[in-house]
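To start, the structure itself, in C-alpha cells.
The values are calculated or read from the model by the stated rules, or taken from the named source; none is laboratory data. It should be emphasised that the depicted structure is a prediction, and the values quoted were computed from it without experimental measurement. Please note: Cβ atoms are built from the backbone with ideal geometry, for glycine as well, and neighbour counts cover all protein chains shown.
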Amino acid sequence: MKGIVNTWLECVHCGKQYDLEQVRYNCECGGILDVKRDLSKIDGKKLKQLWESRWGMKRGPLSSGVWRYKELILDVAEEYIVTRQEGNTRLYPAGKAAEYAGIRNFLLKHEGENPTGSFKDRGMTCGATAAKIYDATSVACASTGNTSASMASYAAISGMKSIIFIPEGKIAYGKLAQALAFGGITLQIKGNFDDGMELVQEVCAKLNIYLLNSINPFRIEGQKAIGYEILQQLDWEVPDWFVIPGGNLGNNSALSKGLQELYELGIISKIPRIAVIQAEGSNPLARMWKNKTGYVPLKNPDTIATAIKIGNPVSWEKAMRGLEWCNGVVEDVTEQEIMDAKAMVDAAGIGAEPASCCSVAGAKKLVDMGIISPDAKVVGILTGNILKDPDAVVGYHKDTLRDMGIKGVYANKPHVIEPTLEAVKAAISGK
Ligand code: F0G
C-alpha cells in the first residue's frame, strides 16, 4: 500500500491478519480491526528524539499534532497526507473546574481547539489520507454531528464527495451548520445514530464508498495522537489518570492503544489509568461494566449531550481491551451532573460542549467515590468546542431546561433592563 511497510490489520476478536492491499473494516468473523505494526523493529529512544526534534515546526504536514507522530500513526509519504495542521491543542489548568472536581492537579486537554472544533479532526486527517491512498472519491459516515463536520471539511480540502447520515432533528446546530457549509450531502434519517451507523455500513459496502466512522481502523490511529501530544506537553511525565467521555467508544480505545504502544517501546514506563465516562441515558458500556454482564446494546439512548447519544457503540470490544490493560474504570453521570460540570468548565473561561464535560463530571464523581485521589495527577479530555451547541448553553443559563429535568444550578442569567444608568447600576451591583 503506497510504500507503507511493517503494518497490517488484525482482528480484535479472533486475531486474523490482513495486509493493507484491500479496503477492510471488519474481519471475516465480524470482529473489528486494529492497525498493527511490529514494534520490535522500532527504536523507542530514537523515535522520541525524532518527535522532540519536530516540536514547534512551523510548516508542512509534520507541523500537525498528528503527523508529528507519523511513525506510529501511518508512515506514508508526505505527498499523500490530507491535513489541516490539526492537533497542537492546549492543555489548561482546570481552574474552577479543578476546585469543583476536588482535584488539585487537574489539566484539561482542549480538543475543541482543532480546525473543525472537535477531536475528530485527528482521526479524520488519517482516515482521509487512507481514503486518498485507496483512491476513494466519495466518503461517508453516520454521525451525531462532529464526525460529519470534520469529514465534510477534510473531503472538501481533498476534493472528495462527502455523504453524511445524521439523526433527524437530534444534532446540535453548530455541527449541522458545518456539515452543510462544507458541502456534505446531508441525509437526515428518520432514526437515531445507531440506525444511521447500520445503514452507512450497508451503503458503503454496496456503493463502494469509503467509510470514515471510527470503525475505520485508520481513524483510531490518528486519534492516538491526543495521548502522544499530552505526554509530550508534559515532558513525558505520565499522569495518574486520563478521564474521557465515551460514545461510540473509538476515542478511549485510541487513547489506550496509543499509550500501550509507547509503553511497549519504553517511551513511558508507567501505565496511567483511564476512566471512561458515559451519560446515564446512553450508557451501554457502564452497564456492562457495573453489572459484569456481556455486551447488551441500549435501545433508546437519550441525553442532552447529543454527541454521545449512542446505544450500540461499534468499538465496545476495543474499549474493554484497553480498560483491562490499564486497570481502567467506567462510570456514568446524570444530565444534571453533565450540565453543572459544563457550567464550571465554561465559568473557568475554558468552555466546551456538553459531552466533553462528562470528563469533569466523571472526575468529580470518581473523587467523591474515593476512586481518584484528590492528590492524583489527572488529565481530562474536552472533546468539543463550546460553540457547537449554543442551545444547551443558553438553555442552562436561562434555566429553560427543566422539562429535561435539568436545573440552572449555576446559571448566569441575562438581565433584561430599561436603558437607564440606574437600571445598569442595579444590575451590575447584583440587586
Ligand atoms: N465527545 C464529543 C464531542 C463527540 O462528538 C463524541 C463522538 C464523543 C465525545 C465520544 O467519542 O464516540 O469516540 O466514544 N461523536 C461521534 C460523532 C459519535 O458522530 O461525532 P467516541
Among the residues of segment 55-62, is any aromatic (Phe, Trp, Tyr) and in contact with a helix residue (DSSP H, G or I) (Cβ under 8 Å, 6 or more places away or on another chain)? yes
How about segment 190-236: which of its residues are within 16 Å of the ligand (Cβ to nearest atom), more than 17 Å from the chain's Cα centre (by Cα) and outside any helix (DSSP H, G or I)? GLY191, ASN192, LEU211
When LEU91 is run through (1) closer than 25 Å to VAL243 by Cα; (2) surrounded by 24 or more Cβ atoms within 10 Å (Cβ to Cβ), the failure sits at (2)
Only residues that are within 15 Å of the ligand (Cβ to nearest atom) and assigned to a helix (DSSP H, G or I): list them for segment 160-182, please. TYR173, GLY174, LYS175, LEU176, ALA177, GLN178, ALA179
Of the residues in segment 401-431, those that are within 26 Å of GLU337 (Cα to Cα) and either among the hydroxyl-bearing types (Ser, Thr, Tyr) or touching a Lys or Arg at 6+ places or on another chain (Cβ under 9 Å) (or both) come to LEU401, GLY408, TYR410, ALA411, LYS413, PRO414
If SER63 satisfies every condition in (1) touching a Leu at 6+ places or on another chain (Cβ under 9 Å); (2) among the polar types (S, T, N, Q); (3) without any contact (Cβ under 8 Å) to a residue 40 or more places away in the chain but one, which is the exception? (1)
Given TYR80, TYR100, TYR69, TYR25, which one is among the aromatic types (Phe, Trp, Tyr) and in contact with a strand residue (DSSP E or B) (Cβ under 9 Å, 6 or more places away or on another chain)? TYR25
Considering THR400, THR303, which residue is polar (S, T, N, Q), within 13 Å of the ligand (Cβ to nearest atom), more than 30 Å from LEU262 (Cβ to Cβ) and assigned to a loop (DSSP other than H, G, I, E, B)? THR303
Here are the criteria: (1) under 18 Å from GLN260 (Cα atoms); (2) surrounded by 13 or more Cβ atoms within 10 Å (Cβ to Cβ). Tell me which single one TYR25 does not satisfy. (1)
State whether the residues of segment 377-387 include one that is in a helix (DSSP H, G or I), within 16 Å of the ligand (Cβ to nearest atom) and surrounded by fewer than 22 Cβ atoms within 10 Å (Cβ to Cβ). yes
Return the total of residues in segment 72-112 being within 27 Å of LEU39 (Cα to Cα), among the aliphatic types (A, V, I, L, M) and in a helix (DSSP H, G or I). 1
In this structure, does LEU72 turn out to be surrounded by 15 or more Cβ atoms within 10 Å (Cβ to Cβ) and under 18 Å from THR7 (Cβ atoms)? yes
Taking ASN252, is it near the ligand (Cβ under 10 Å from one of its atoms) and either in a loop (DSSP other than H, G, I, E, B) or over 14 Å from GLY123 (Cα atoms) (or both)? no
Here the qualifying pairs (Cβ atoms under 9 Å; residues six or more apart or on different chains; first in segment 418-431 and of a type outside the set (S, T, N, Q) and surrounded by fewer than 10 Cβ atoms within 10 Å (Cβ to Cβ); second at pLDDT 95 or above and part of a helix (DSSP H, G or I)) come out as LYS431/LYS425
Among residues belonging to segment 161-181 that are more than 13 Å from SER150 (Cβ to Cβ) and charged (D, E, K, R), point out the one that is surrounded by the fewest Cβ atoms within 10 Å (Cβ to Cβ). GLU168
So, in segment 228-251, exactly how many residues are among the aromatic types (Phe, Trp, Tyr) and within 11 Å of ALA275 (Cα to Cα)? 2
Residue within segment 341-349 that is exposed (fewer than 13 other Cβ atoms within 10 Å of the Cβ) and without any contact (Cβ under 8 Å) to a residue 12 or more places away in the chain present: no
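One line per residue, one yes/no per condition, for (1) surrounded by fewer than 24 Cβ atoms within 10 Å (Cβ to Cβ); (2) more than 24 Å from THR303 (Cα to Cα); (3) free of Cβ contacts under 8 Å to residues at least 60 places away in the same chain; (4) near the ligand (Cβ under 10 Å from one of its atoms):
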site: GLU113; (1), (2), (3), (4): yes, no, no, no
site: PHE119; (1), (2), (3), (4): no, no, no, yes
site: GLY123; (1), (2), (3), (4): no, yes, no, yes
site: CYS126; (1), (2), (3), (4): no, yes, no, no
site: ALA131; (1), (2), (3), (4): no, yes, no, no
site: VAL139; (1), (2), (3), (4): no, yes, no, no
site: GLY145; (1), (2), (3), (4): no, no, no, yes
site: ALA152; (1), (2), (3), (4): no, yes, yes, no
site: SER158; (1), (2), (3), (4): yes, yes, no, no
It is to be established whether one or more residues within segment 396-403 are in contact with a Leu (Cβ under 7 Å, 6 or more places away or on another chain), of a type outside the set (Lys, Arg) and modelled with pLDDT of 95 or more. no
